[in-house]
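Colleague: Sharing a structure, written as structure tokens. Questions coming.
The values are calculated or read from the model by the stated rules, or taken from the named source; none is laboratory data. Here the structure is a predicted model, which is why all the values come from computation and not from measurement. Don't worry about glycine lacking a Cβ; one is built from the backbone with ideal geometry, like all the others, and counts go over all protein chains shown.
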Amino acid sequence: MIDRAEPADDLPAVSPWEARVLAAANAYAEALAAYTPAGPDGVSPAFLTEHDLATNRIAAGRAAVLGSWDSLGAWASDGARSGASWLAAHTEQARPAAAAELHLARALRAMPLTAKHFADGTLGVAKVRLLAEAAREAAEPFTAQESFLTGEVQRLTVADAARFLTAWRARANPDGAQDRAAKQHDERSVHLSQTFGGMWRLDGELEPEAGEILRNELDRRCRLLYKAQKAEAAAAGERLAITPAQRRADALFELALQATAAGDDGGTINVPALTAIIDVDTLADPATQPTDVVGETEAGEPVLAETALRWACDCHHSRVVLGPDSVPVDLGRTARLPSPAQRRALAVRDRGCTFPGCDRPPGWTSAHHLVHWIRGGATDLWNQALLCVFHHHRVHEGGYGVERLADGELRFTRPDGSVLTVPKGRWNPAA
């Protein structure tokens with residue numbers, strides 16, 4: 001086993017210039033470490049802007065030093081394969097970070113104006129990296145227009161500078177833009193895997209077009225969710241505790257659920273492809289509590305009674321009779337699913353989620369049995385109401401109640417039994 005090397009005694013002594021740089025750097029670090037808030041507002045905005053200027057200059061100086069060191073190939077005398085390998089072995093940097101620094105340092109040797117603005121602190125590392133990428137992709141146009149490009153980038157935020165330079169690269173080097181698009185297409189990926197805790201982890205990389213479409217749709221749905229959730233929390237006198245990340249997860253789930261509701265041909269009702277093994281007798285038993293485990297998913301996750309009831313509101317239900325050795329001996333038929341005609345009638349009648357104040361359209365909802373069919377409720381229009389994903393969960397696992405009154409209106413109650421006030425109704429042209 002090879003340990004990371006300690007500072008070697010046989011390394012050449014630092015030069016007087018290097019000693020001054022190190023002394024200044026240590027003094028700077030000690031001054032920052034000794035920071036205490038100067039007043040009730042803490043750090044002043046002027047300090048932050050000036051400090052940013054100073055750190056940009058330090059980063060530029062480091063890039064110049066590393067570029068010179070790397071160009072001399074001094075690392076080879078220690079048997080290292082590259083400057084990045086030497087830095088990873090002798091400093092606190094990981095190899096990818098060291099390689100990125102050296103790559104930038106090399107690029108700056110052909111970018112004199114960028115290097116100048118970097119050195120005087122008016123361009124930071126993030127913008128310099130963006131300019132270096134543009135120079136790599138369109139070297140000759142960049143050299144001719146470096147003064148213009150650095151001037152534009154200086155007055156923009158980093159995000160706007162990235163967009164500006166992307167547009168410039170597409171015009172300056174159309175072939176490069178096509179190559180980049182092809183590379184992005186080849187690198188697209190999505191990974192979905194279940195964790196040991198039962199949750200699902202989603203990550204991946206999308207092409208620019210796909211990413212923007214998905215982001216915009218999630219943002220749109222998140223705004224609608226936020227509006228509904230905020231109104232509901234205000235009506236209940238509660239504080240909205242849902243985080244933006246949780247809301248995006250809800251929006252993505254809604255997006256998938258809406259796609260399954262449309263069916264493969266867009267004209268039929270489909271359902272989420274979820275398999276669960278449920279003990280129906282236990283679920284139907286009046287003594288079963290909402291938090292009792294009544295089965296498990298195909299992946300082995302336990303299913304609570306109230307969750308099973310929510311899933312079964314608007315899904316295909318099949319019977320599988322098992323023999324003594326858990327071998328299937330009889331398969332039942334799909335049963336108790338609202339027919340397409342009933343689903344269309346529900347959409348016309350309810351016009352979307354029926355929970356007070358919710359404006360989710362019919363395509364984003366499930367048909368909820370007011371008296372669950374597993375407990376004797378009929379699959380007819382009187383015993384059903386449309387609920388969106390969020391409010392369906394609220395009605396089952398969240399403790400909210402809903403019942404249909406004699407006049408056909410729905411009455412919703414909070415977990416404490418108080419009745420929810422119904423806001424202004426939704427216009428129904430079919431009424």
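Colleague: Would you mind stating whether Leu165 is under 20 Å from Arg57 (Cα atoms) and surrounded by 15 or more Cβ atoms within 10 Å (Cβ to Cβ)?
Modeller: It is false that Leu165 is under 20 Å from Arg57 (Cα atoms) and surrounded by 15 or more Cβ atoms within 10 Å (Cβ to Cβ).
Colleague: Could you list all residues from the range 332-382 that are over 27 Å from Pro290 (Cβ atoms) and either small (Gly, Ala, Ser) or at pLDDT below 75 (or both)?
Modeller: Arg333, Ser339, Pro340, Ala341, Ala345, Ala347, Gly363
Colleague: Out of all the residues in the range 111-126, is one or more among the acidic types (Asp, Glu) and touching a residue at least 60 places away in the same chain (Cβ under 8 Å)?
Modeller: Yes; the residues of the range 111-126 include at least one that is among the acidic types (Asp, Glu) and touching a residue at least 60 places away in the same chain (Cβ under 8 Å).
Colleague: Can you find a residue that is at pLDDT below 85 and in contact with a helix residue (DSSP H, G or I) (Cβ under 7 Å, 6 or more places away or on another chain) anywhere in the range 187-205?
Modeller: no
Colleague: Right, another one. Return the residue satisfying two criteria in turn: it lies in the range 400-421 and is in contact with a helix residue (DSSP H, G or I) (Cβ under 9 Å, 6 or more places away or on another chain) and small (Gly, Ala, Ser), and of such residues it is surrounded by the fewest Cβ atoms within 10 Å (Cβ to Cβ).
Modeller: Once the filter is applied, the top-ranked residue is Gly408.
Colleague: Is the range 179-199 home to any residue that is in a helix (DSSP H, G or I), of a type in the set (A, V, I, L, M) and exposed (fewer than 11 other Cβ atoms within 10 Å of the Cβ)?
Modeller: So far as the range 179-199 goes, yes, one or more of its residues are in a helix (DSSP H, G or I), of a type in the set (A, V, I, L, M) and exposed (fewer than 11 other Cβ atoms within 10 Å of the Cβ).
Colleague: Of everything in the range 245-283 that's assigned to a helix (DSSP H, G or I) and farther than 22 Å from Leu387 by Cα, which residue is modelled with the highest pLDDT?
Modeller: Only one residue fits best here, namely Ala245.
Colleague: State whether one or more residues within the range 368-390 are over 19 Å from Ala305 (Cα atoms), among the hydroxyl-bearing types (Ser, Thr, Tyr) and in a strand (DSSP E or B).
Modeller: no
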